[in-house]
1. Kindly count the pairs of lysines across the range 1-101 whose alpha carbons are less than 26 Å apart, treating pairs on different chains or eight or more residues apart as eligible.
2. Can you return the aspartates and glutamates within cross-link range of K177? Criterion is Cα-Cα under 15 Å, with same-chain partners fewer than 8 residues away left out.
3. For the range 233-372, restrict the atom set to alpha-carbon positions and state the Rg and Dmax in Å.
4. If you take the Cα Rg of the chain and divide it by 2.2 N^0.38 Å, with N the number of residues, what do you get?
5. Which of rounded, prolate, oblate describes the range 352-475, given a ≥ b ≥ c as roots of the alpha-carbon gyration tensor eigenvalues and a/c under 1.5 marking rounded, otherwise prolate only if a/b is larger than b/c?
6. To the nearest Å, what is the center-to-center distance of the range 222-284 and the range 428-475, using C-alpha atoms only?
7. Might you work out the accessible area of S85 for me, using a 1.4 Å probe with all protein chains in place, and round it to the nearest 10 Å²?
8. Can you flag which of K345/K400; K123/K211; K400/K451; K133/K163; K299/K440; K345/K370 are past 26 Å Cα-Cα?
Amino acid sequence: QSAKCGACGPGYATPLDAMKGKYSPREEIVYVPCIYRNTGTEKPDYLATVDVDPKSPHYCQVIHRLPMPNLRDELHHSGWNACSSCFGDATKRRNRLILPSLISSRIYVVDVGTDQRAPRMHKIVEPVELFWKGNVANPHTSHCLGSGDILISCLGDPSGNGKGGFILLDGETFEVKGNWENGEKVPPLNYDFWYQPRHNVMMSTEWGAPKALAGGFNPADIERGHYGRRINVWDWSTHTYVQAIDLGKGSIPLEIRFLHSPDAAEGFVGCALSGAVHRFYKSEKGDWAAEKVIEVPSKKVQGWLLPDMPGLITDILISLDDRFLYFSNWLHGDIRQYDISDTRKPRLVGQVFLGGSITKGGPVTVVEDKELQCQPEPFVIKGKRVPGGPQMIQLSLDGKRLYVTTSLYSGWDKQFYPDLVREGSVMLQIDVDTERGGLKVNKNFLVDFGKEPDGPVLAHEIRYPGGDSTSDIWM
């Protein structure tokens, strides 16, 4: 299909075109937001361009840095002005990266079209625009829509209370148009979202109230209802909130992913605190339901914040052919690969440990473990002992390389992994066996963000210039 479309818009006609076509070259650079908030360095966050081309003399190096004009923004996730959702529209180009700031509530629009390797600032949407036009704050996930607009989920209201609101940005001018949602009824909390127009649905998840999580994690805030437990279901055409699927108290459902096939009426969500992955699906009645399909058991420990240590599933993604599911356990320190050919019965086919809180010789002793015989060795690469655990993940379009960064969010990094904040995070790459399954660390790949010019920095989400398995949605 893409071959015939001489004047197509951004992205790819289908997920399989993105994965296998001659139109999906190997990634050569990636964009990574780098955060200084909570590190003790009074410098602005910046967008790093990292060279990931093994043939390049600058392999594994930061080749460009675009500093933000403000301090303490907490850059976090990023999205595009246009993606595969407007593939058929030849007037659209994927040339702006949308960078919402989790704490300051600013939204930066970065020009990556003029010089892909050296992004420059295009526009800044100030927080007051979100406050006045949408009564929302703390923007998180941004997805481009087939209509040309940009949809951004927000964690709360301007006072720091949780609120399940969304704003629309105009895809040309990047002005705040107002709220996406209609009606009085909104969920109490918000986080990530994904839409599937063929089923007239959008799903959103719940992290926590901004005022609860801004300073760090307090387990008592779960009892107070400040952390999430629901998948929230929206009617895509009327923008109304129609259903809540309760995954249980203290589950904290974070990243949500539909299968990539636009016909699919199912997907997966990873729950941070309960250590569960739920499959959500359209029921025979036509509403939506969820079932737990993977559970990472907590470990009984001494020398830690709580007597039970959850895996803390923080990021989750699906390969473009909908065959494999990947997720990271930020606290236990492993990344897992599951075969999801049968979506109701995921099969663990790959696992690798990259640090975490339970490594040998550390302050934590595991007293009971349902999975491991002994505590894993500390993770060392190129002579560096890696602090923290695997967190954000991104898969190459062909599914053969998984990139990993280790920072979750500066307020939690500081609490759970003080060494990570002192030494900076890293970016790693894992080779994936796409035939039988299996994960193996690429020992030649290390981007050490502890060696940045202005001091150690926390690197977060990874984006490829041409789109990837967590940014693009097919209509």
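1. Final tally of qualifying lysine pairs is 7.
2. Straight-line reach from K177, under 15 Å: E126, E129, D149.
3. Over the range 233-372's Cα set, Rg and Dmax evaluate to 16.5, 55 Å.
4. 0.90
5. oblate
6. Measuring centre to centre over Cα atoms gives 25 Å.
7. 10
8. The pairs that break the limit, which is 26 Å between Cα atoms, are K123/K211; K400/K451.
The values are calculated or read from the model by the stated rules, or taken from the named source; none is laboratory data. Here the structure is a predicted model, which means the values were calculated and not measured. Heavy atoms of the whole protein, side chains included, go into the accessibility calculation; ligands, DNA and RNA do not. Shrake-Rupley method; radii C 1.70, N 1.55, O 1.52, S 1.80 Å.
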